[in-house]
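Shown next, in structure tokens, is the structure this report addresses.
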């Protein structure tokens, strides 16, 4: 089945630094990937839709200059948290859709636990 | 916009049956998903309903009523390992992006 690899699984960084999270579709091509944020004991909140070869589409209230998304190839999307602050600490999950699987096609990465100190 | 609501928490006993409800209001409908998520892990696919009615898959069943904007996930013969968060989700934005409900934290007790 479709596999999405997300890296790193955990990262700790200092305030003011930037962190890059990678999301790769391993056995299928994904023209569209999705980035979610999840707070403890809360649901997944969609941040943005990453589009291969074009600009990402951000959800209302998400700062595009804060959360930079690049989707340079059909198998890789990256999320960069710029000038990170403690309030950016969260669980970030990416998802990609394998269109050959129809309605069942949403596959999720294993998530990245970001802690900003 | 869209609203997708679930109860926040539920507690049930091992071996029992529990029903987790989800109500949704969306513009357009392209099916409804149920996912299970253990803390710190990715959501795992449980079911996808696009037509009205009940679909059974082992211990888990999912029901959909499109006219009522309502779905439920039924878990039978509960096991301790079923303690997790259960998320309903619907495709939005023209049917491409997946928007999640508020999530239900299920605790299974002895």
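With the condition kept exactly as written, say whether any residue in segment B:5-16 is touching a helix residue (DSSP H, G or I) at 6+ places or on another chain (Cβ under 9 Å), more than 14 Å from chain A (Cβ to nearest Cβ), buried (at least 18 other Cβ atoms within 10 Å of the Cβ) and more than 27 Å from residue A:34 (Cβ to Cβ). The answer is yes, given that some residue of segment B:5-16 is touching a helix residue (DSSP H, G or I) at 6+ places or on another chain (Cβ under 9 Å), more than 14 Å from chain A (Cβ to nearest Cβ), buried (at least 18 other Cβ atoms within 10 Å of the Cβ) and more than 27 Å from residue A:34 (Cβ to Cβ).
Determine whether segment A:15-35 contains at least one residue that is closer than 20 Å to residue B:3 by Cα and surrounded by 15 or more Cβ atoms within 10 Å (Cβ to Cβ). Yes, segment A:15-35 contains at least one residue that is closer than 20 Å to residue B:3 by Cα and surrounded by 15 or more Cβ atoms within 10 Å (Cβ to Cβ). Scanning segment B:23-50 for residues that are touching a residue at least 24 places away in the same chain (Cβ under 8 Å), closer than 12 Å to residue A:111 by Cβ and loosely packed, with under 15 Cβ neighbours inside 10 Å gives B:38, B:39. Counting only strands (runs of 3 or more DSSP E) that sit completely within segment A:75-117, those holding 3 or more residues that are within 13 Å of another protein chain (Cβ to nearest Cβ) correspond to A:90-97, A:106-108, A:112-116.
Return yes when residue B:46 is more than 30 Å from residue A:11 (Cβ to Cβ) and outside any loop (DSSP other than H, G, I, E, B) and no when it is not. Considered against the rule, which asks whether it is more than 30 Å from residue A:11 (Cβ to Cβ) and outside any loop (DSSP other than H, G, I, E, B), residue B:46 comes out as no. Inside segment B:62-110, residues that are surrounded by fewer than 22 Cβ atoms within 10 Å (Cβ to Cβ), outside any strand (DSSP E or B) and within 14 Å of chain A (Cβ to nearest Cβ) make up a count of 6.
Within segment A:36-50, the set of residues being surrounded by fewer than 16 Cβ atoms within 10 Å (Cβ to Cβ) and more than 9 Å from chain B (Cβ to nearest Cβ) comprises A:39 only.
Of A:103, A:53, all but one fail to be surrounded by fewer than 16 Cβ atoms within 10 Å (Cβ to Cβ), at pLDDT below 95 and closer than 28 Å to residue B:29 by Cβ; the exception is A:103.
The one condition from (1) under 13 Å from the mean Cα position of the chain (by Cα); (2) over 25 Å from residue B:31 (Cβ atoms); (3) modelled with pLDDT of 95 or more that residue A:88 does not meet is (1).
The values are calculated or read from the model by the stated rules, or taken from the named source; none is laboratory data. Worth saying up front: this structure is predicted, and the values here are computed from it rather than measured. Cβ sites come from the backbone with ideal geometry, for glycine too, and all protein chains shown count toward neighbours.
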